[in-house]
Amino acid sequence: MSTGTFNNSSCNNLQTVSFNAGGIKSKFRELKYFIEEKQPDIIALQETHLNPGDKLTVPNYTTYRSDRLTHRAGGAALIKSLINPHPTPASTSTFENTAVSIDLPNNNSFTISSIYLPPWED
């Protein structure tokens, strides 16, 4: 997992994490322990390998997902429930993308995206 901090003088620091799961079901316990220890604000997941009907629930986080409809894969963004993000659909056939916009206290906003460019088969 790679971590970073978004720092804006108008708001508190936001700790972000990006994780290419390669299948989150088998790594969910690891993710859960990581979240309990680090308590990141934003978690961007790639290659979840979830089907649209699968649940991805983490206490105190809201889940936003972009599942593939043809087979398992897709991405997700887990955002601490206190942040109050807005889903931001991004339609593209070039890459997988889960995006959310977050409003800041100074009436500005920013968008964070979990992007994965799969090795498409010809």
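Observations on the structure shown:
- Computing FRET efficiency as 1/(1 + (r/R0)^6) for T111 and N60, where r is the C-beta to C-beta distance and R0 is 22 Å, gives about 0.50.
- For region 17-60, a simple Cβ point-charge model (Lys and Arg +1, Asp and Glu -1, everything else neutral) yields a dipole of about 140 debye relative to the Cα centre.
We did not get these values from a lab; they are worked out from the coordinates using the rules stated. Because the structure is a prediction, the values reported are computed rather than measured. FYI the Cβ positions are ideal-geometry reconstructions off the backbone, even for glycines, and counts take in every protein chain you see.
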